[in-house]
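Q: Dropping a structure here in structure tokens format, bear with me for questions.
What follows draws every value from the coordinates through simple rules; no lab data is involved. All values reported here derive from a predicted model rather than from experimental measurement. So basically every Cβ, Gly included, is an ideal-geometry build from the backbone, and we count neighbours across all protein chains shown.
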Amino acid sequence: MADSSQYEPSRTRRGGRGVLQGQRETMPYPAHREFLGYRERVYGGATRSRRARGWSAAVRGAGWCGVVFFCSCEVSIAPPPMIPPTTARPAGRDFSSAPLLPLTSGAVERFTGMLTSSGAHVYDLGEVRPGDRITVSVGAALGGRLDPTVAIFDADHDLFAVNDDVDFLGGRLDARIDEVVRHASVHFYLGIAPSAYSQGGGGYTAEVTLTQAGPPVGVSRQRLLLNFVGGAAVEIRNVGTFNIPPFDAGRIDAAYEGETEEIRDQIVAVVRAKYAAFDVEVLASTEDAPVDEARVSTIYFGAASRTVFGISEQVDTWNRDCCDDGIVYTDGFDNSFSNRPSSALIAVAIGQVAAHEAGHLLGLSHVADVVDLMDTSGVSSTLLREQVFKRSILDRSVFPLGFQDGPKYLRATVGASAN
Ligand SMILES: [Ca+2]
Ligand SMILES: [Ca+2]
Ligand SMILES: [Zn+2]
């Protein structure tokens, strides 16, 4: 039996980034509070101990979690040397006021700054070309309590990459980005802000390098498997282990009994439609048509959660990992709706959550626009209305400035559909 106790909170910090909140219509919290609330629930012990004992306790307190999971993009990141910098640089408060950071290819630019609890600092990294490699690491100034987040944006103010913590469970709340530029841009912007989870502002030290003219990175198509077969002890990294029976609409609610195939086929059609413009091949594994394919990302449909509709094992920036997984908690899926949706609408909602979780597995972050599939600001009923990948303002839990252009990002990651 799958039940909510199998949703292992202490393991899900990374997945917490990829979570779609199960906001109830009766509790339309702002996204930021909802997100914090989620973390409080999920990481209650961890967050409290971090608050009570501070950074050093967090470093020592890695025993919150007996299972160490990190996304592959972070495993490859070496600890940044935090050499005390010598330069305090003036920072912009937004894109238009961002001063140019003088970067020499291959050289490390070190500087310091002081953030208030609500503001962001923005620097102009100048012009970039495909193949340029940018690394940024930002940590709290010595003795400070700032938990920083770092983001890089292109000339359109669209998100290129974002990182909050190098390793939350290991107590590394410093932020680091190491990415290769995909598109030429007349400006790239570096943003530094307190994490949505920071206990306030504070001083930071930053190191930035730009290494020009490396090998460019091309697009790479993705296969996405919608798994309606389930299985015993299905392990979803960073999330937990689940016993998932074959998809049965009656487990959503007894009212949908007998409509399993119809709802399942509609879910598949919804996910295919959301990804139709991109080079994502959506496969469906059903009992009559099993798919045994190793190099896919998989979305499972089953198990229950009282707090979220779905979860993904990571936000896989630039889709480094071809084979990451997510789950849509379909058992009792209708419980968060004030009126039980029709079978057509429950398929829309489940399909859109599946597309959302797959979006995280391709590198997309949360936005605050209920029409966007990557939204985290809405209530349950917004899932019943048509959502699409679009350009939207980032959710405050991701970064206080800037946008995410979902279609632009997906075209640069997996490529546009050949059709
Ligand atoms: Ca952080
Ligand atoms: Ca991936
Ligand atoms: Zn999400």
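Q: Quick one: which residues, 5+ away or cross-chain, put their amide H under 5 Å from the amide H of Phe160? H built at 1.01 Å from N.
A: Ile152, Phe153, Asp154
Q: Further, regarding this structure: Quick one: Karplus J couplings for segment 182-190, per residue in order, coefficients 6.51, -1.76, 1.60, θ = phi - 60°, nearest Hz, x for Gly and Pro?
A: Each residue's phi maps through the Karplus curve to give 9, 10, 4, 8, 5, 9, 10, 10, 9 Hz.
Q: Another question about this same structure. Can you tell me which of 309-318, 364-373, 199-208 comes out highest on packing, and rank the rest after it, using the mean Cβ neighbours within 10 Å?
A: Ranked from most to least packed, the peptides come out as 309-318, 364-373, 199-208.
Q: Just how far, in whole angstrom, is segment 267-316 from segment 132-211 if you go by their alpha carbon centroids?
A: Between the Cα centre of segment 132-211 and that of segment 267-316, the gap is 30 Å.
Q: Of all DSSP beta bridges located in segment 77-211, what percent are antiparallel, nearest 5?
A: Bridges in segment 77-211 are about 95 percent antiparallel.
Q: Follow-up. Grab the beta carbon distance between Ala273 and Leu142, set R0 = 60 Å, and tell me the FRET efficiency rounded to 0.05.
A: Given R0 = 60 Å and the Cβ-Cβ separation, E is 0.70.
Q: Here is a further query. Please list, in order along segment 154-162, the HN-Hα scalar couplings obtained from phi with the Karplus expression 6.51 cos²θ - 1.76 cosθ + 1.60 (θ = phi - 60°), rounded to whole Hz, x for Gly and Pro.
A: Computed from phi, the couplings for segment 154-162 are 8, 5, 7, 6, 8, 4, 9, 7, 9 Hz.
Q: Taking amide H positions as placed in the peptide plane 1.01 Å from N, state which residues far from Phe278 in sequence (5 or more) or on other chains have amide H under 5 Å from it.
A: Under 5 Å from the amide H of Phe278 lie the amide H atoms of Ser417, each far enough along the sequence or on another chain.
Q: Using a Förster distance of 25 angstrom, determine the FRET efficiency expected from the C-beta separation of Arg320 and Gln212, and round it to 0.05. List each step's numbers first, then the result.
A: On the way: r = 22 Å, r/R0 = 0.88.
That gives a FRET efficiency of 0.70.
Q: Kindly work out what percent of the DSSP beta bridges joining two residues of segment 222-413 are antiparallel, to the nearest 5.
A: If we restrict to bridges inside segment 222-413, about 45 percent are antiparallel.
Q: Nearest 0.05, what FRET efficiency do Glu127 and Ser96 give at R0 = 22 Å with Cβ-Cβ as r? Numbers along the way, then the final one.
A: Numbers: r = 17 Å, r/R0 = 0.78.
The value I calculate is 0.80.
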